[in-house]
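The values are calculated or read from the model by the stated rules, or taken from the named source; none is laboratory data. What you see is a predicted model; the values in this text were computed from it and never measured. Positions of Cβ are backbone-derived with ideal geometry, glycine not excepted, and every protein chain shown enters the neighbour counts.
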Amino acid sequence: MSTIAELPASPAAPSSSCPSSLDELFAAVIAASVKPREQSESLPAASYFDPDFLRFEKEEIFHKEWISLCHISQIPRAGDFIRVDVAEEPMIVVRSKDMSIKVLSRTCRHRGMDLMPTGFGHPDEGNQRVILCPYHLWSYDLDGQLVGAAEMQEAEDFDRTEVCLHNFRSEIWEGFVFVTLSEDIAPLAEKYATLKDRFVGRWDMAAGELVWSAHWECDFNWKILLENFMEAYHHLGAHMKTLEPFLPAKGCSTEPYDPEYSCMHLPLKESMAREIRASGDANTPFPVFPGLDIDDYCKWWVFLGNPNFLLFSAPDRVYWYRLLPTGPETCTLMTTMIIPRGASEIPDYEKILEKEIQAGIDFHMEDMEVCAATQRGVKSRGYKPGRLSHLEQPIWHFQKYLAEVIRKACA
Ligand code: FES
Ligand SMILES: [Fe+2]
């Protein structure tokens, strides 16, 4: 991948693959990304609602990058599955009989029906021994192999052993199942090597347990949520009563730009950190992830693995958000909480869990409100890109990522 240093100060010349209506928008995104941090500003309005820009993002980002789908602890038993659509590509993540995990297409190999269409009573997750198409009852095993197809005896040369659901390229990285539609993107071990070695590898997320998830259908562009997630400036306003009292905005700092990830430190309020250092105790509701040290006890972190792998990490938990676009002004979000395995054995676990889930919902509702209101704002004639605070540096990083995507696609 090229680096930001190689990005042109002005956009690449329009190519035949980039319709002219998009070129101005591409130019504006690139122009924002090449400003110095001290002059950075928010993205042009249309990037948050233009259907052509979303189509571009689907093709160049969601169909080419690694996209996180679930945590392995969500599908622990053979037959466990999770249904998910990645930019209109219907998929099912499934644990096979041999306990391996596959990401299969939900498109039936008979006449193409979505095997579990949204909105017809099919659960988003569950357990089943076979995958059954409701249309003509073709059935597939947990590896996607066709195992049953009635009344096909007169179909010449039809051999059901040759029919299998499409198996998407997938990987498990740090306990998360990722998929890509690309054949040539580098493996995650390579792509996120620095992110893991320097930062997120210290939480043993693969051994963690996802103990809460919630689904949200959102009336805003996916980048509105991503930008909201990646800056702590809004603790001052939106989270004045929830996060700001212990994770004050002004203490936050951001690691230098990297093409693959962004990382922000959120130190605890000084008096809390002093107490932790004095006692050596992280003083967290759940036990801490093994391997973290006293410095880790004194802060939270926000991570983004480009394009949309979002982690909000504390010593005793990781909030992972699965964020997927569903339209130019809509997205679907799964918010989750992962804690160290064995944490459920602490006294009063159920009560503590309930309280911590509620705390997560409380600050998330504050984010949902500001994101929905921001979507309305960016569509207004009154919107112009606004100047960013140094506390919003990860937003500027993400602009550089977007610019790289544009540059590559238009090269
Ligand atoms: S489309 Fe699935 S069985 Fe016919
Ligand atoms: Fe927030």
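Before we move on, is Glu209 more than 16 Å from the chain's Cα centre (by Cα), closer than 21 Å to Val94 by Cα and buried (at least 18 other Cβ atoms within 10 Å of the Cβ)? It is true that Glu209 is more than 16 Å from the chain's Cα centre (by Cα), closer than 21 Å to Val94 by Cα and buried (at least 18 other Cβ atoms within 10 Å of the Cβ). Taking the criterion of being in contact with an Asp or Glu (Cβ under 6 Å, 6 or more places away or on another chain) and among the aliphatic types (A, V, I, L, M), the only residue of the stretch 59-89 that qualifies is Ile82. Within the stretch 231-250, is even one residue in contact with a Leu (Cβ under 6 Å, 6 or more places away or on another chain), within 12 Å of ligand 2 (Cβ to nearest atom) and part of a strand (DSSP E or B)? No, because not a single residue in the stretch 231-250 is in contact with a Leu (Cβ under 6 Å, 6 or more places away or on another chain), within 12 Å of ligand 2 (Cβ to nearest atom) and part of a strand (DSSP E or B).
Conditions (1) among the hydrophobic types (A, V, I, L, M, F, W, C); (2) surrounded by fewer than 18 Cβ atoms within 10 Å (Cβ to Cβ); (3) in a helix (DSSP H, G or I), marked per residue:
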site: Arg341; (1), (2), (3): no, yes, no
site: Glu354; (1), (2), (3): no, yes, yes
site: Pro394; (1), (2), (3): no, no, yes
site: Val405; (1), (2), (3): yes, no, yes
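Here Cys331 meets each of (1) of a type in the set (A, V, I, L, M, F, W, C); (2) surrounded by 22 or more Cβ atoms within 10 Å (Cβ to Cβ); (3) under 20 Å from Met205 (Cα atoms) with one exception, condition (3). Figure legend. Inter-residue proximity from the stretch 360-380: first residues in a helix (DSSP H, G or I), second residues surrounded by fewer than 17 Cβ atoms within 10 Å (Cβ to Cβ) and acidic (Asp, Glu), beta-carbon distance below 7 Å, spacing 6+ or different chains. Indicated pairs: Ala372/Asp219; Gln375/Asp219. In the stretch 119-148, the qualifying residues are those that are hydrophobic (A, V, I, L, M, F, W, C) and assigned to a strand (DSSP E or B), and the one that is farthest from ligand 1 (Cβ to nearest atom) is Val147. Would you be able to say whether some residue in the stretch 175-182 is part of a loop (DSSP other than H, G, I, E, B), surrounded by 14 or more Cβ atoms within 10 Å (Cβ to Cβ) and either modelled with pLDDT of 95 or more or more than 17 Å from the chain's Cα centre (by Cα) (or both)? Yes, the stretch 175-182 contains at least one residue that is part of a loop (DSSP other than H, G, I, E, B), surrounded by 14 or more Cβ atoms within 10 Å (Cβ to Cβ) and either modelled with pLDDT of 95 or more or more than 17 Å from the chain's Cα centre (by Cα) (or both).
So in the stretch 149-168, with the set limited to residues that are in contact (Cβ under 8 Å) with a residue 60 or more places away in the chain and in a strand (DSSP E or B), which one is nearest to Trp320 (Cα to Cα)? Per the stated criteria, the residue is Phe168.
One residue alone among Phe289, Phe229 is over 25 Å from Phe49 (Cα atoms) and either aromatic (Phe, Trp, Tyr) or modelled with pLDDT under 95 (or both), and that residue is Phe289. In the stretch 65-118, of all residues being under 22 Å from the mean Cα position of the chain (by Cα) and assigned to a loop (DSSP other than H, G, I, E, B), the one that is farthest from ligand 2 (Cβ to nearest atom) corresponds to Arg106. The residues on offer are Ser73, Ser47, Ser100, Ser96, and the sole one that is at pLDDT 95 or above, outside the structural domain of Leu210 (by TED's automatic domain parsing) and touching a helix residue (DSSP H, G or I) at 6+ places or on another chain (Cβ under 6 Å) is Ser47.
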